[in-house]
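Asker: Next up is a structure, given as structure tokens.
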Amino acid sequence: MPTHEVTNQPPPLAGYDASDDPALLDALRREGAGWAEPGIRQLGRLAGDEKAQENGRLANEHPPALRTHDRYGHRVDEVEFHPSWHELMAVAIHHGLHATPWRERRPGAHVARAAGLYVWGQAEAGHLCPVSMTYSIVPALRHSRELAAQFEPLLSATHYDFGLRPPLSKNGLLAGMSMTEKQGGSDLRANTTTATPAGDGSYRITGHKWFTSAPMGDLFMVLAQAPAGLSCFLLPRIAPDGTRNPMRLMRLKDKLGNRSNASAEVEYEDAAAWLVGEEGRGVRVILEMVNSTRLDCVLAAATGMRLGVTHAAHHAAHRKAFGANLIEAPLMANVLADLAVESEAATTVALRLAGATDRAARGDEAEAAFRRLALAVTKYWVCKQAPAHAAEALECLGGNGYVEESGMPRLYREAPLGSVWEGSGNVAALDALRALTRQPEAAEAFFAELELAAGADRRLDEAIARLRKEAAHPAESAARRLAEAMAVTLQAALLVRHGHPAVADAFAATRLAGDRGHAYGTLPPGIGTEPIIARAAPAH
């Protein structure tokens with residue numbers, strides 16, 4: 001019927017290369033992983049393909065279901081997923097987005113993995129939780145040479161082998177984390193789950209965990225109270241003799257976002273596990289895992305920002321209003337440019353942290369010290385920015401953006417996760433404060449990084465001077481303010497050194513010099529928006 005003719009609607013954003021991102025590719029080369037660009041390009045084309053986008057939609061519209069018992073009443077504790085989830089997982093594992101960098105000797109492996117996670121995450125976010133857990137468990141597991149020798153090759157294998165079987169009989173393994181409890185949350189010292197020596201070198205774990213990430217995994221890092229105090233343990237779902245370990249999935253969390261991924265409450269009743277590291281040193285050990293997942297929190301926030309501004313720019317380039325394309329309207333151009341500036345700043349700092357991770361893993365102590373403080377402040381700030389960024393990107397699509405079919409509501413619901421996962425805002429800010437006051441080498445390395453950009457921009461020089469004064473006498477009540485200032489100044493320093501001049505100038509003018517309102521789209525007069533927007537929309 002003539003009334004049903006569709007006009008002035010943008011074409012689907014499909015069939016494009018999600019890695020066509022100048023900030024990402026420049027950082028990939030700069031951080032020592034230019035060799036990985038062909039693989040990142042391949043992932044980018046896969047992520048921008050209609051098939052991957054459809055898998056992402058289906059995995060979220062058909063979330064995982066818990067099956068506690070079979071038809072005969074036997075306890076099975078299985079999580080069932082839509083086939084689309086398995087297709088997404090297979091791509092991620094095949095491309096080594098999990099633990100493969102830990103076995104890769106080539107410099108830049110962790111950077112390549114971070115870039116791949118950033119690109120493939122634009123297809124769907126939730127399935128990357130078990131991928132991240134599997135990446136993050138390796139440095140913690142290395143506190144036990146015997147366990148690392150047994151399981152690390154399978155954790156880093158590029159085979160997606162889903163299903164309940166003894167770990168050493170599988171072609172590839174996935175990992176999870178079972179850390180927090182309902183009475184304590186981030187206060188891990190309040191944990192009551194117990195670990196009792198069994199006399200054969202193993203322990204028996206009993207207790208309830210409030211949040212267990214990726215409960216369909218093969219192995220879990222579990223925190224429990226041993227005789228000498230809070231300790232870390234490796235717990236398999238299937239015991240070496242093939243029997244089910246008594247790890248009971250009580251329910252799946254009904255979450256705001258991240259709907260495709262299962263998060264569970266778990267009860268352990270005399271479950272077999274093996275000590276990782278020393279008794280009483282569990283927090284130190286599991287923080288090795290947490291710090292790796294914090295990097296992935298930053299990457300996820302940067303990924304969401306890039307996806308949001310890409311959708312917004314695509315819509316504005318094709319939608320007409322008042323006789324012209326939206327992208328040509330000065331006010332919309334201001335909004336898009338502002339979103340793009342935030343996105344590029346997040347991408348640039350995320351890849352810099354991936355580079356620090358890579359070099360620290362290869363023994364660079366200065367990079368390890370820089371990462372210690374820079375990751376804490378960046379995790380705090382970039383993850384805080386993600387929800388407002390997603391809301392503004394959604395609004396660029398108008399009413400279309402508020403409809404599920406656009407994909408923007410899913411992006412919006414996902415955006416707050418990074419601020420909650422692996423320590424909320426206060427936890428991250430306090431962690432930064434501890435690093436600043438108790439690890440002088442971390443503060444020294446952080447400010448040395450900022451000084452590399454000294455003299456290039458007056459606004460940046462003034463911000464660094466202010467920051468030095470604030471950091472000299474930090475107070476707990478001001479931890480958030482300090483973390484924000486440190487993160488923003490670091491982003492500015494990286495953009496001044498490495499970013500597009502228009503992006504760096506806009507960031508310094510608004511985020512450092514304060515020439516900006518309280519909403520996106522309030523860039524000051526004189527900012528050249530056109531070259532900034534051009535970097536936000538990949539070509540089909």
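Asker: Restricting to the range 490-507, name every residue that is in a helix (DSSP H, G or I) and either surrounded by fewer than 24 Cβ atoms within 10 Å (Cβ to Cβ) or not small (Gly, Ala, Ser) (or both).
Answerer: Across the range 490-507, the qualifying residues are Leu490, Gln491, Leu494, Leu495, Val496, Arg497, His498, Pro501, Ala502, Val503, Asp505, Phe507.
Asker: Might you check whether a residue that is within 30 Å of Pro215 (Cβ to Cβ) and either assigned to a helix (DSSP H, G or I) or among the hydroxyl-bearing types (Ser, Thr, Tyr) (or both) occurs anywhere in the range 15-25?
Answerer: Checking the range 15-25: not a single residue is within 30 Å of Pro215 (Cβ to Cβ) and either assigned to a helix (DSSP H, G or I) or among the hydroxyl-bearing types (Ser, Thr, Tyr) (or both).
Asker: Applying the selection to the range 528-540, what residues are surrounded by 19 or more Cβ atoms within 10 Å (Cβ to Cβ) and part of a loop (DSSP other than H, G, I, E, B)?
Answerer: Arg535, Ala536, Ala537, Pro538
Asker: Name the pairs whose Cβ atoms lie under 8 Å apart, with the first residue in the range 1-23 and polar (S, T, N, Q) and surrounded by 10 or more Cβ atoms within 10 Å (Cβ to Cβ), the second assigned to a loop (DSSP other than H, G, I, E, B) and modelled with pLDDT of 90 or more, and 6 or more positions between them or separate chains?
Answerer: Pairs found: Gln9/Arg319.
Asker: Continuing with the same structure: Of all residues being of a type in the set (Val, Ile, Thr) and out of contact with any Leu (no Cβ under 9 Å at 6 or more places or on another chain) in the range 187-238, which is farthest from Gly423 (Cα to Cα)? Just the residue, please.
Answerer: My answer is Thr196.
Asker: Among helices (runs of 4 or more DSSP H) lying entirely in the range 90-193, which contain 3 or more residues that are among the aliphatic types (A, V, I, L, M) and within 15 Å of the chain's Cα centre (by Cα)?
Answerer: 109-120, 128-141
Asker: May I pose another question? Which residues, counting only those in the range 232-248, are closer than 14 Å to Ala198 by Cβ, touching a strand residue (DSSP E or B) at 6+ places or on another chain (Cβ under 7 Å) and either of a type outside the set (A, V, I, L, M, F, W, C) or not assigned by TED's automatic domain parsing to the domain that holds Ala273 (or both)?
Answerer: The answer is Asn245, Pro246.
Asker: Which one of these is farther than 26 Å from Trp210 by Cα, modelled with pLDDT of 95 or more, over 14 Å from the mean Cα position of the chain (by Cα) and crowded, with 24+ Cβ neighbours inside 10 Å: Ala360, Ala345?
Answerer: So the residue among Ala360, Ala345 that is farther than 26 Å from Trp210 by Cα, modelled with pLDDT of 95 or more, over 14 Å from the mean Cα position of the chain (by Cα) and crowded, with 24+ Cβ neighbours inside 10 Å is Ala345.
Asker: With the condition being among the hydroxyl-bearing types (Ser, Thr, Tyr) and in contact (Cβ under 8 Å) with a residue 12 or more places away in the chain, I'd like the strands (runs of 3 or more DSSP E) fully within the range 225-315 carrying at least 1 qualifying residues.
Answerer: Fully inside the range 225-315 and qualifying: 229-236, 263-276.
Asker: Condition first: crowded, with 23+ Cβ neighbours inside 10 Å and of a type in the set (Asp, Glu). Now tell me which residues in the range 249-308 satisfy that.
Answerer: Result: Asp296, single match.
Asker: Under the condition of being in a helix (DSSP H, G or I) and in contact with a Pro (Cβ under 8 Å, 6 or more places away or on another chain), which residue from the range 59-89 is surrounded by the most Cβ atoms within 10 Å (Cβ to Cβ)?
Answerer: Trp85
Asker: Within the range 485-505, work out how many residues are more than 26 Å from the chain's Cα centre (by Cα) and touching a residue at least 12 places away in the same chain (Cβ under 8 Å). Break it down into steps so the answer makes sense when it comes.
Answerer: Looking only at the range 485-505, we keep the residues that are more than 26 Å from the chain's Cα centre (by Cα), and these are 501-502, 505.
Retained after the next criterion (residues that are touching a residue at least 12 places away in the same chain (Cβ under 8 Å)): 502, 505.
Residues flagged as more than 26 Å from the chain's Cα centre (by Cα) and touching a residue at least 12 places away in the same chain (Cβ under 8 Å) within the range 485-505 amount to 2.
Asker: Are any residues in the range 420-449 under 23 Å from Ser132 (Cβ atoms) and either aromatic (Phe, Trp, Tyr) or touching a Pro at 6+ places or on another chain (Cβ under 8 Å) (or both), and if so, which ones?
Answerer: Trp421
Asker: Listed residues Gly199, Gly217; which is in contact with a Lys or Arg (Cβ under 8 Å, 6 or more places away or on another chain) and either within 21 Å of Ile137 (Cβ to Cβ) or not in a strand (DSSP E or B) (or both)?
Answerer: Gly217
Asker: Would you confirm whether any residue within the range 286-302 is at pLDDT below 95 and either over 27 Å from the mean Cα position of the chain (by Cα) or over 19 Å from Pro130 (Cβ atoms) (or both)?
Answerer: yes
Asker: Taking the criterion of being within 14 Å of the chain's Cα centre (by Cα) and β-branched (Val, Ile, Thr), would at least one residue in the range 382-392 satisfy it?
Answerer: Yes, the conditions are met somewhere in the range 382-392.
Asker: Please find, within the range 218-248, the residue that is farthest from Pro153 (Cα to Cα) out of those that are of a type in the set (Gly, Ala, Ser) and crowded, with 24+ Cβ neighbours inside 10 Å.
Answerer: Step by step, filter the range 218-248, then rank; the result is Ala224.
Asker: What do you reckon, is Pro10 over 23 Å from His127 (Cβ atoms) and assigned to a loop (DSSP other than H, G, I, E, B)?
Answerer: Criteria met by Pro10.
Asker: Select, from Ala448, Ala429, Ala443, Ala456, the only residue that is among the small types (Gly, Ala, Ser), over 18 Å from Ala345 (Cβ atoms) and surrounded by fewer than 16 Cβ atoms within 10 Å (Cβ to Cβ).
Answerer: Ala448
The values are calculated or read from the model by the stated rules, or taken from the named source; none is laboratory data. Because the structure is predicted, anything quoted here is derived from the model rather than measured. All Cβ positions, glycine included, derive from the backbone under ideal geometry; neighbour counts span all protein chains shown.
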